[in-house]
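Since the structure comes first, as structure tokens, the remarks are kept for the end.
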Amino acid sequence: MENKHRVLQLLGDWRKLSEYALPRLTSLKTHEITMDTLTAAKRSWNMSRIRGRNTRIEITVRSTLHRLGYRFRLNTNKLHGHPDVVLPKHKVAIFVHGCFWHRHPGCRFAYMPKTRVAFWQDKFRRNVEQDQKVQKELSQLGCRVLVIWGCETSDRDKLANKIKSEMGQLK
Ligand SMILES: [Zn+2]
């Protein structure tokens with residue numbers, strides 16, 4: 001038990017581990033926990049955050065939308081591309097993109113890891129292609145797309161201004 005606790009701490013802030021990783025780890029017997037299972041758990045946690053629900057940046061965007069008086073729906077899995085937030089009245093799909101995974105152009109958070117560069121390049125390319133494809137298809141369906149980047153959520157007033165101005169332009 002002691003060992004299991006220690007390895008969970010090794011994963012960093014294990015309280016942040018989502019339902020993806022924690023049950024997998026806690027269902028294992030201590031002797032079954034190896035660096036491989038840890039790495040796999042951490043990876044699945046990271047992956048869950050690519051299409052993360054209830055991440056900090058998403059919650060910030062929601063509360064800003066709420067403050068601005070927009071009515072919205074969440075986790076609209078029925079809508080193409082699974083946008084993070086949808087404003088049905090305005091026919092707007094909002095994607096809240098982490099800068100690293102979705103490659104925010106020119107952003108310091110969209111850095112390239114120093115190891116396994118080919119792997120990351122391929123992964124990033126596929127993420128970006130998928131984002132572009134979905135956005136194009138949504139606009140073909142008559143839905144307007146607003147992308148909010150993670151780094152744009154640190155200043156709430158700036159974020160509110162961006163949403164207001166982009167919503168104005170979208171109309
Ligand atoms: Zn950014």
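The table that follows gives values for the structure above.
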read-out: Pairs where the first residue, in segment 87-106, is of a type in the set (Phe, Trp, Tyr) and the second is part of a helix (DSSP H, G or I) and away from the ligand (no atom under 16 Å from the Cβ), C-beta under 9 Å, 6+ apart; value: Phe95/Val134; Phe95/Gln135; Trp101/Asn46; Trp101/Lys123
read-out: Those residues of segment 94-124 which are within 16 Å of the ligand (Cβ to nearest atom) and among the hydroxyl-bearing types (Ser, Thr, Tyr), in sequence order; value: Tyr111
read-out: Ser165 surrounded by 12 or more Cβ atoms within 10 Å (Cβ to Cβ) and assigned to a helix (DSSP H, G or I); value: no
read-out: Residues of segment 111-140 satisfying the condition of being more than 19 Å from the chain's Cα centre (by Cα) and among the polar types (S, T, N, Q); value: Thr115, Ser139, Gln140
read-out: Check on Lys158, within 14 Å of the ligand (Cβ to nearest atom), assigned to a helix (DSSP H, G or I), without any contact (Cβ under 8 Å) to a residue 60 or more places away in the chain and touching a strand residue (DSSP E or B) at 6+ places or on another chain (Cβ under 8 Å); value: no
read-out: When residues of segment 35-81 are limited to those that are within 23 Å of Ser165 (Cα to Cα), assigned to a helix (DSSP H, G or I) and of a type outside the set (Val, Ile, Thr), the one modelled with the lowest pLDDT; value: Arg56
read-out: Scan of segment 82-137 for residues that are among the aromatic types (Phe, Trp, Tyr), modelled with pLDDT of 95 or more and not in a helix (DSSP H, G or I), ordered by number; value: Phe109, Tyr111
read-out: Among residues of segment 138-155, those that are part of a helix (DSSP H, G or I), within 14 Å of the ligand (Cβ to nearest atom) and touching a residue at least 40 places away in the same chain (Cβ under 8 Å), counted; value: 3
read-out: Residue list for segment 54-93, restricted to those being of a type in the set (Val, Ile, Thr), within 16 Å of the ligand (Cβ to nearest atom) and touching a strand residue (DSSP E or B) at 6+ places or on another chain (Cβ under 7 Å); value: Ile57, Val61
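The values are calculated or read from the model by the stated rules, or taken from the named source; none is laboratory data. Being a predicted model, the structure only gives us computed values, none of them experimental. So basically every Cβ, Gly included, is an ideal-geometry build from the backbone, and we count neighbours across all protein chains shown.
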